[in-house]
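Notes follow once the structure below has been shown.
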Amino acid sequence: MDFFAISSRDQQHAFLALLKEMISIFWGPDLQKCTEIFQKPFLGSIDKLSAQTDFWNFETLTEIKSVLNKFTSAEALFHHLEEAYVRLFISDRKGVSAPLYASCYETITSGEKALLMGEPAIDMKNRYESKGLSLSDEIHEPPDHISIELEYLYFLLDKGWSDDDRAVWLYVKALKKRNVPPNKPISR
């Protein structure tokens, strides 16, 4: 994903709006958010990004809209997301399919299971602190929770676009590969 491809401020706002929705979805389903998804601004954000096919997979955005249009109400969407959220991220007979924490995906060569609050959590905490950020006392999740990492991405993208700072883009690009030292400055 090349964030430089989003050139208009309108499309940047649309992407940030969709990113905010993703963040809220990974915190867990919320009836108010599902109601907002049914409103025009959310679907309008999808349309604005669909026009930028060199940036985003058009078929993916079309599929998202198609799935959303299958629900007749915000309540129906909420109940569907709530059931899926629990099954995917919290509890299932076969085990959690998709843990919300990067530490759970850490490769351990000895065959052991990855630990919660492992190296990725420590790494992300250091990244946040290096940018003058910290987790609120209200957040009771490790720093490598996907919603927290997406909030960090939102912060970086918003900063990069508003400051027109290519150094931020290079940092974001490297962060995707998780190969930027946490104390590397965002400056030219």
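The values are calculated or read from the model by the stated rules, or taken from the named source; none is laboratory data. All of these numbers come straight from a predicted model, not from anything done at the bench. All Cβ positions, glycine included, derive from the backbone under ideal geometry; neighbour counts span all protein chains shown.
Worth pointing out:
- Residue within region 146-159 that is within 20 Å of LEU19 (Cα to Cα), at pLDDT below 90 and in a loop (DSSP other than H, G, I, E, B) present: no
- Cβ-Cβ under 9 Å pairs, at least 6 apart or on other chains, region 118-131 side farther than 19 Å from TYR171 by Cβ and hydrophobic (A, V, I, L, M, F, W, C), far side part of a helix (DSSP H, G or I) and modelled with pLDDT of 85 or more: none
- Candidate set from region 120-135 (those that are outside any helix (DSSP H, G or I) and more than 18 Å from the chain's Cα centre (by Cα)); member that is modelled with the highest pLDDT: GLY132
- Selection status of GLU82, modelled with pLDDT of 90 or more and surrounded by 13 or more Cβ atoms within 10 Å (Cβ to Cβ): yes
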